[in-house]
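Enquirer: Just passing along the structure, written as structure tokens.
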Amino acid sequence: MPLSLCMIVKDEAFFLHDCLAAAAPHVDELVVVDTGSTDGSKGIAAEFTDRVFDYTWHDDYAAARNYSLEQARCDWILVLDADELITPTDFAALRRLTESTTLDGFFLQQCNYNNDQSAFGWQPAQDLTLSRGFTGFTVNPILRLFRNRPDIRYAGSIHETVDAAIAEDRQGTLDMPIHHYIDANPARPRAARSLRYLELMERELAAAPSGRLYSIAATSAMYHANDCARARDYFMRAAELGYRPGHSLEGAAEACYRAQDFGAANDLYQRADAAGHRTPSMCLNRANLAVKVGDHQRAAALLQACLDLGGLSAEINDVIQRNIESLQARSGKHSA
């Protein structure tokens with residue numbers, strides 16, 4: 001089935017050529033909506049498509065996205081940002097999927113590349129060429145592939161989503177990455193952008209609570225506003241609203257851990273684990289908590305669980321392995 005790629009851009013010359021060059025051979029139409037660029041982005045887009053449109057920006061991402069969808073002429077729509085790529089192999093799989101599926105929309109796995117091993121949910125990158133040298137990433141499931149229908153439209157002025165426009169039983173999830181180079185442009189540091197986005201998110205949350213938006217706001221509060229109490233509250237609201245409960249509970253636990261409220265952190269980690277949620281970083285933090293109360297045997301077991309789940313970077317994994325051996329030796333001495 002024919003596939004349109006729809007994008008909104010503003011001052012994305014740093015990324016745009018690579019994104020469009022990677023996508024152009026694999027889609028039937030490129031739709032680029034420019035919201036006020038001054039850096040030549042429109043000229044770059046015009047090298048690949050004559051479907052370049054101007055849109056007057058008014059602090060509403062959903063409105064701009066929906067304008068781009070209105071220009072699409074194919075049966076299916078894929079939405080990407082300028083700092084994102086999909087590999088040729090995965091593009092081919094997407095095309096095959098649209099020819100056979102009866103569903104209306106699909107979540108893909110947005111891999112946000114970065115070097116911050118302390119980041120919530122961080123995983124080590126296996127292909128440093130594909131990650132453009134970033135050592136790891138965090139994953140954000142995001143609905144970006146859907147049928148071109150007038151009833152399928154974005155909602156939300158910030159961190160907009162299209163999920164609510166598609167019935168849950170008509171949605172699917174693909175184990176397919178969108179490679180997101182969110183930290184690659186040195187001229188646009190993420191911290192400043194995140195604080196601006198946090199302000200917009202809090203304005204929207206005051207009017208319409210959303211578990212997903214609370215989770216995103218919590219991450220910004222924890223890493224960029226350095227406000228762990230606010231992060232904990234937002235993650236808890238996300239869990240209460242049913243948004244990825246295990247993930248949200250882990251986030252609340254990490255906020256407590258960073259604030260050195262170790263008792264609350266331990267309780268929340270246990271709740272996440274009881275819900276069937278376990279990640280390498282969660283096991284590492286729980287091991288540190290076990291060490292603090294002198295339970296070396298449990299700490300060693302949690303560090304081993306961290307490695308069994310894939311661990312973190314190679315350097316950290318080496319340290320973890322040495323710590324396991326040390327903790328096991330100390331446990332043996334105490335039990336002798």
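The values are calculated or read from the model by the stated rules, or taken from the named source; none is laboratory data. The shown structure was predicted, so the numbers you read here are calculated from the model rather than taken from an experiment. Neighbour counts run over all protein chains shown; Cβ positions are idealised from the backbone, glycine included. For accessibility, only protein heavy atoms count, side chains too; no ligands or nucleic acids. Shrake-Rupley method; radii C 1.70, N 1.55, O 1.52, S 1.80 Å.
Enquirer: Say whether the condition of being at pLDDT below 95, open to solvent by 50 Å² or more (accessible area, probe 1.4 Å), assigned to a loop (DSSP other than H, G, I, E, B) and of a type outside the set (Phe, Trp, Tyr) is met by at least one residue in the stretch 138-158. So that I can check it myself, show each step before the final result.
Expert: Quick first cut of the stretch 138-158, residues at pLDDT below 95 only: 138-141, 155-158.
Next, only the ones that are open to solvent by 50 Å² or more (accessible area, probe 1.4 Å) stay: 155.
This time we only want the ones that are assigned to a loop (DSSP other than H, G, I, E, B), so: none.
Within the stretch 138-158, none of the residues are at pLDDT below 95, open to solvent by 50 Å² or more (accessible area, probe 1.4 Å), assigned to a loop (DSSP other than H, G, I, E, B) and of a type outside the set (Phe, Trp, Tyr).
Enquirer: Got a number for residues in the stretch 201-226 being open to solvent by 20 Å² or more (accessible area, probe 1.4 Å) and farther than 20 Å from residue 281 by Cα? Can you show your working first?
Expert: Narrowing the stretch 201-226 to residues open to solvent by 20 Å² or more (accessible area, probe 1.4 Å): 202-204, 206-210, 212, 214, 216, 219, 223-226.
Okay, now just the ones that are also farther than 20 Å from residue 281 by Cα, so 202-204, 206-210, 212, 214, 225.
Final tally of qualifying residues: 11.
Enquirer: Quick one: count up the residues across the stretch 289-316 that are farther than 28 Å from residue 128 by Cβ and of a type in the set (S, T, N, Q).
Expert: So the count comes out to 1.
Enquirer: Sticking with this one: Just checking: which of the helices (runs of 4 or more DSSP H) contained wholly in the stretch 187-247 hold 1 or more residues that are under 19 Å from residue 275 (Cβ atoms)? It would help to see each step written out before you state the result.
Expert: On the way: elements: 190-207, 211-223, 228-240.
Where helices (runs of 4 or more DSSP H) fall fully within the stretch 187-247 and carry at least 1 residues being under 19 Å from residue 275 (Cβ atoms), they are 211-223, 228-240.
Enquirer: Of the residues 93, 119, 125, 62, which single one is touching a residue at least 24 places away in the same chain (Cβ under 8 Å) and over 17 Å from residue 216 (Cβ atoms)?
Expert: Details: 119 fails: over 17 Å from residue 216 (Cβ atoms); 125 fails: touching a residue at least 24 places away in the same chain (Cβ under 8 Å); 62 fails: over 17 Å from residue 216 (Cβ atoms).
Exactly one residue qualifies, and that residue is 93.
Enquirer: Ok, one more. I need the full set of residues from the stretch 265-300 which are acidic (Asp, Glu) and under 19 Å from residue 231 (Cβ atoms), in order please. Step through it out loud before you land on a result.
Expert: Going through the stretch 265-300, the residues acidic (Asp, Glu) turn out to be 267, 273, 295.
Residue satisfying the conditions is 267 alone.
Enquirer: Say we look at the stretch 288-304 and pick out the residues that are in contact with a helix residue (DSSP H, G or I) (Cβ under 7 Å, 6 or more places away or on another chain) and surrounded by fewer than 17 Cβ atoms within 10 Å (Cβ to Cβ); which of these is nearest to residue 117 (Cα to Cα)? Before the answer, list the steps.
Expert: Keep residues of the stretch 288-304 that are in contact with a helix residue (DSSP H, G or I) (Cβ under 7 Å, 6 or more places away or on another chain), which gives 289-292, 296-300, 302-304.
Still in the running and surrounded by fewer than 17 Cβ atoms within 10 Å (Cβ to Cβ): 292, 297.
Details: 292: 22, 297: 25 Å.
Ranking the qualifying residues of the stretch 288-304, first place goes to 292.
Enquirer: Right, another one. In the stretch 5-35, what residues are small (Gly, Ala, Ser) and over 23 Å from the mean Cα position of the chain (by Cα)?
Expert: Our first condition is that a residue be small (Gly, Ala, Ser); within the stretch 5-35, this holds for 13, 21-24.
If the condition is that a residue be small (Gly, Ala, Ser) and over 23 Å from the mean Cα position of the chain (by Cα), then 21, 24 are the ones that fit.
Enquirer: If you don't mind, another one. Please count how many residues of the stretch 101-134 are in a loop (DSSP other than H, G, I, E, B), crowded, with 19+ Cβ neighbours inside 10 Å and in contact with a Pro (Cβ under 9 Å, 6 or more places away or on another chain).
Expert: 1
Enquirer: Also, quick follow-up: How many residues does the stretch 279-288 hold that are among the charged types (D, E, K, R) and under 22 Å from residue 135 (Cβ atoms)?
Expert: 0
Enquirer: So, of the residues in the stretch 240-253 that are open to solvent by less than 10 Å² (accessible area, probe 1.4 Å) and either within 15 Å of the chain's Cα centre (by Cα) or in contact (Cβ under 8 Å) with a residue 40 or more places away in the chain (or both), which turns out to be farthest from residue 157 (Cα to Cα)?
Expert: Filtering the stretch 240-253 for residues that are open to solvent by less than 10 Å² (accessible area, probe 1.4 Å) and either within 15 Å of the chain's Cα centre (by Cα) or in contact (Cβ under 8 Å) with a residue 40 or more places away in the chain (or both), the one farthest from residue 157 (Cα to Cα) comes out as 250.
Enquirer: Which count do you get for residues in the stretch 261-287 that are of a type in the set (S, T, N, Q) and open to solvent by 60 Å² or more (accessible area, probe 1.4 Å)? Write out each step before concluding.
Expert: Filtering the stretch 261-287 for residues of a type in the set (S, T, N, Q) gives 266, 270, 279, 281, 285.
Restricting the remaining residues to those that are open to solvent by 60 Å² or more (accessible area, probe 1.4 Å) gives 270.
Residues flagged as of a type in the set (S, T, N, Q) and open to solvent by 60 Å² or more (accessible area, probe 1.4 Å) within the stretch 261-287 amount to 1.
Enquirer: Looking at 38, 98, which is the one that is open to solvent by 10 Å² or more (accessible area, probe 1.4 Å), more than 21 Å from the chain's Cα centre (by Cα) and farther than 30 Å from residue 314 by Cβ?
Expert: On the way: 98 fails: open to solvent by 10 Å² or more (accessible area, probe 1.4 Å).
The conditions single out 38.
Enquirer: Let me ask something additional. Among the residues of the stretch 285-308, is any touching a strand residue (DSSP E or B) at 6+ places or on another chain (Cβ under 6 Å), in contact (Cβ under 8 Å) with a residue 24 or more places away in the chain and within 18 Å of residue 138 (Cα to Cα)? Before you say what the answer is, go through the steps one by one.
Expert: Pass one, the stretch 285-308, residues touching a strand residue (DSSP E or B) at 6+ places or on another chain (Cβ under 6 Å): none.
No, that holds for no residue.
Enquirer: How many residues does the stretch 162-186 hold that are among the aliphatic types (A, V, I, L, M), open to solvent by 50 Å² or more (accessible area, probe 1.4 Å) and in a helix (DSSP H, G or I)? Please lay out each step first, then the result.
Expert: Within the stretch 162-186, the first condition is being among the aliphatic types (A, V, I, L, M), and the residues that meet it are 162, 164-167, 174, 176, 178, 182, 184.
Next cut, open to solvent by 50 Å² or more (accessible area, probe 1.4 Å) only: 164, 167.
With the extra rule that they be in a helix (DSSP H, G or I), the set shrinks to 164.
Matching residues across the stretch 162-186 total 1.
Enquirer: Tell me the residue from 237, 258 that is within 12 Å of residue 120 (Cα to Cα) and either open to solvent by 70 Å² or more (accessible area, probe 1.4 Å) or touching a strand residue (DSSP E or B) at 6+ places or on another chain (Cβ under 7 Å) (or both), please.
Expert: Numbers: 237 fails: within 12 Å of residue 120 (Cα to Cα).
Sole residue among the options that is within 12 Å of residue 120 (Cα to Cα) and either open to solvent by 70 Å² or more (accessible area, probe 1.4 Å) or touching a strand residue (DSSP E or B) at 6+ places or on another chain (Cβ under 7 Å) (or both): 258.
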